[in-house]
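A.B. asks: Attaching a single structure in structure tokens format; questions to follow.
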Amino acid sequence: MKSEALSKYEVFEPVDLKDRTWPDAVISGAPIWCSVDLRDGNQALPIPMSVEEKLEMFDLLVGVGFKEIEIGFPSASETEFEFMRRLIEENRIPEDVTVQVLVQTRRHLIERTFESIQGAKRVILHIYNSTSTLQRRVTFGDASREEIREIAVEGAKVVKELVPTVPETEIVLQYSPESFSDTELDFALECCEAVMEVWEPSVERKMILNLPATVEWTTPNVHADQIEWMCRNLSCRECVVVSLHTHNDRGTGVAATELGLMAGADRVEGTLFGNGERTGNLDIVTVALNMNSHGIETGLDFSDLMRLREVYERTTRMVVPERQPYAGELVFTAFSGSHQDAIKKGLDRRKKESGKRWGVPYLTIDPLDIGRSYEAIVRINSQSGKGGVAYLLDSEHGFDLPKTMHPQVGKRIYDLADERGRELSAVEVGEVFREEFVNVGEVLDLLEYELDHSRGGRGEVACEALVRLEGEERKIDGLGNGPINAFVSALDGAGVKDFVLTDYRSHALKGETGSGSTAAAYVQLQNHEGVSLWGVGVDSSIEMAGVKAVVSAWNLLR
Ligand code: KIV
Ligand code: ZN
């Protein structure tokens, strides 16, 4: 921002609460969760959900485990009214789920809302009015505190009057001083107390006081101070459920909610993936999974997060960004080499130490716990290192490369990613590896190979091979203490050898066990200049895999 522009803005007044206790609190249990996807979320959509889409979303929220769901503004539109009626008449609300309806503090709207809930078992009836200085001044034309408080009181009285019109429905009352976050605290308290005086909540019959950060104006610590101040100053704290409702204007809705819980709140309103007005409501998925990552049970089940994301994206026509905590496409993916190395080590260690506490560098939770796989964890671009390539070849293609081969293969793969200027998929990495490192026979090619156990002394075998060298076929033979050494000596005899064999290893290709399984062998050769390179052989016989690996390494070293 240009400095001239800055003069328009002023510092947000902190709360004078010197003996605040929330900084020492630790979140150790889950709050009551209330989804406002179908109301705050829906009203922020360019194309609001249809009744059918709302029904699908409602079922999804029930499946996740929400016990309180704000279903809309039934007095605001026919769609909302019809939606409420269908939930009730089609018996779609489970016994243990309470639906919540929002309404402004206006008599005819409250009456229409009561009509919409006829026949429901239990409903949270939620009224709100705006209380902040800014709203009083700008929206309500310099309305006085008294006038604003009276709006709340009048609404509360109408609600109280109408409760007996739905005798078969248990009504839980909720009041929100909307724009609480920029309301003077003493005035927010005055409005809440005035409503409480009308509704007369008790320890047995609590009401909900929802304290919205309708707009997030400042840092989350101030929100926590505001919540702690309210909790301390309410005349009957035990008679109310203190509820948080944060928005994300400064990008700290999650932090504000977490600190608000530390400050004593009991309940949290929010949406899946933070859908909502402007920069969104609180993302409940993140707060709940943050709790899970500290071992806290939340009552919400996000173990199939990808299905949730799919239904959410389809019904809301919103897109979950790739970096969205937990749910984003890329959040469990490491491109950087050092991260890939560390993750591979962490995962390998877990295989050996199953049952131990989670401890994989760079991953706060196990992706499997929310229905994601390890497949996407390591992806290859030009920033990637050798460890990531080795991890992919192992986990996706069954090749367990010797450690000293990682740099050779890693360099080739990320040079290629650099050349192509893009990420290489796991399939592409496998293809390049097989093309360029496995059974390479460009200059020297093995056409036939036979062992002759009748020749040779004790512990030795003889081999006869037909090779093609620079286009010319040649028969060669040699003796050695095994098939590979016999072949090396055959190459020597034919004057082809300008190397020493410095390392060798082999294994059955993973995922291909049993008879006829495929073996992979790795041979490292060093030339007279001291250059060492690995080549790979794959064959159904482990011995032939080794011989082919010699040929591959020879071609690569040439
Ligand atoms: O953000 C807000 O203040 C609201 C209220 C209606 C609770 O959505
Ligand atoms: Zn809101």
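A.B. asks: Quick one: if you take sqrt(5λ) for each eigenvalue of the C-alpha gyration tensor of the chain, what semi-axes come out, biggest first, whole angstrom?
C.D. replies: Semi-axis lengths for the chain are 70, 24, 19 Å.
A.B. asks: So what are the ³J(HN,Hα) numbers for the stretch 439-453, from phi and the Karplus equation (6.51, -1.76, 1.60; θ = phi - 60°), rounded to whole Hz, Gly and Pro as x?
C.D. replies: Listing the rounded values in order: 6, 6, x, 6, 9, 10, 10, 9, 9, 9, 8, 9, 9, 10, 6 Hz.
A.B. asks: Sorting F81, F12 by accessible area (1.4 Å probe), largest first, what list results?
C.D. replies: Accessible-area ranking of F81, F12, largest first: F12, F81.
A.B. asks: Under the Karplus relation 6.51 cos²θ - 1.76 cosθ + 1.60, θ = phi - 60°, what is the ordered set of whole-Hz ³J(HN,Hα) values for the stretch 107-112, x standing for Gly and Pro?
C.D. replies: Karplus values, whole Hz, x for Gly and Pro: 3, 5, 6, 5, 4, 4.
A.B. asks: A further question follows. Put a dot 7 Å past each Cα toward the Cβ at T139 and F12; how far apart are the dots in nm?
C.D. replies: 1.7 nm
A.B. asks: To continue, here is another question. For the stretch 1-155, what number of Lys pairs, 8 or more residues apart or on separate chains, have alpha-carbon atoms under 30 Å from each other?
C.D. replies: Values: K8/K18; K54/K67; K54/K121; K67/K121.
Close lysine pairs found across the stretch 1-155: 4.
A.B. asks: At 0.36 nm per residue, minus the direct Cα-Cα distance, what do E310 and E238 gain on full extension? Give it in nm, one decimal, please.
C.D. replies: 21.9 nm
A.B. asks: On the first, second and third principal axes, largest extent first, how far apart are the outermost C-alpha atoms of the stretch 337-437 in Å?
C.D. replies: Principal axes ranked by extent give 40, 26, 21 Å for the Cα atoms.
A.B. asks: Pull up the cross-link candidates among the lysines for K160, meaning alpha carbon to alpha carbon under 16 Å and not fewer than 8 places away within one chain.
C.D. replies: Straight-distance partners of K160: K206.
A.B. asks: Right, here's the next one. Considering amide H positions built from the backbone, and no H for Pro or chain starts, which residues 5 or more places from Y504, or on another chain, come under 5 Å of its amide H?
C.D. replies: So Y504 has HN proximity to Q524.
A.B. asks: Which percentage, to the nearest 5, of the DSSP beta bridges contained in the chain is antiparallel? The partial results should precede the final answer.
C.D. replies: Details: 37 of 77 bridges.
About 50 percent, rounded to the nearest 5.
A.B. asks: Could you state how much accessible area Y414 has, in square angstrom rounded to the nearest 10, with a 1.4 Å probe and all protein chains kept in place?
C.D. replies: Looks like 70 Å² after rounding.
A.B. asks: To make sure I understand the rule: partners must be aspartates and glutamates, Cα under 14 Å from the Cα of K475, and not fewer than 8 residues away in the same chain. Which ones qualify?
C.D. replies: Qualifying aspartates and glutamates at Cα under 14 Å: D445, E448, E450, E464, D492.
A.B. asks: Same structure, new question: Could you tell me the number of lysine pairs in the stretch 337-437 with C-alpha atoms less than 27 Å from each other, where the two lysines are 8 or more residues apart or belong to different chains?
C.D. replies: Lysine pairs, 8 or more places apart or on different chains, close enough: 17.
A.B. asks: Add -39500 (n - 2.57) for each DSSP H run of 4 or more in the chain, then divide by its residues: what number comes out at 222 nm, to the nearest 500 deg cm²/dmol? Could the numbers behind the result be given before it?
C.D. replies: Values: 17 runs with 206 residues, N = 558.
After summing the helix terms and dividing by residue count, I get -11500 deg cm²/dmol.
A.B. asks: Give me Rg over Rh for the stretch 31-316, both radii from the alpha carbons and Rh done the Kirkwood way, two decimal places.
C.D. replies: That ratio is 0.94, to two decimals.
A.B. asks: Given 0.36 nm per residue, what is the gain on full extension from H294 to K2 after removing their alpha carbon distance, in nm?
C.D. replies: Length difference between fully extended and current span is 100.9 nm.
A.B. asks: Taking only the alpha-carbon positions of the stretch 46-178 and ignoring solvent, what does the Debye formula give for the base-10 log of I(q)/I(0) at q = 0.13, 0.20, 0.21 Å⁻¹?
C.D. replies: Evaluating at q = 0.13, 0.20, 0.21 Å⁻¹ gives log10 I(q)/I(0) of -0.58, -1.13, -1.20.
A.B. asks: At 1.4 Å probe size, what's the solvent-accessible area of F302? Round to the nearest 10 Å².
C.D. replies: Counting only protein heavy atoms, F302 exposes about 10 Å² to solvent.
A.B. asks: Distances longer than 24 Å among the Cα atoms of the stretch 444-557: what percent of all pairs is that?
C.D. replies: 23 percent
A.B. asks: Excluding ligands, DNA and RNA, what is the solvent-accessible area per residue of the stretch 444-557 at a probe of 1.4 Å, expressed in Å²? Mind showing how you got there, number by number?
C.D. replies: Numbers: 5570 Å² over 114 residues.
Accessible area per residue: 49 Å².
A.B. asks: Roughly how many Å² of I47 are accessible to a 1.4 Å probe, to the nearest 10?
C.D. replies: Solvent-accessible area, nearest 10 Å²: 100 Å².
A.B. asks: In whole percent, and with a 1.4 Å probe on the protein chains, what portion of the accessible area of the stretch 373-453 is carbon and sulfur?
C.D. replies: With neighbouring chains kept in place, the figure for the stretch 373-453 is 43 percent.
A.B. asks: What number comes out for accessible area per residue over the stretch 31-316 if the probe is 1.4 Å? Units Å², please.
C.D. replies: Working: 10540 Å² over 286 residues.
Averaged over the residues of the stretch 31-316, the accessible area is 37 Å².
The values are calculated or read from the model by the stated rules, or taken from the named source; none is laboratory data. This is a predicted model, so every value here is computed, not measured. Cβ atoms come from the backbone with ideal geometry, glycine included; neighbour counts cover every protein chain shown. These area figures cover heavy atoms from the full protein model, side chains too; ligands, DNA and RNA do not enter into them. Shrake-Rupley method; radii C 1.70, N 1.55, O 1.52, S 1.80 Å.
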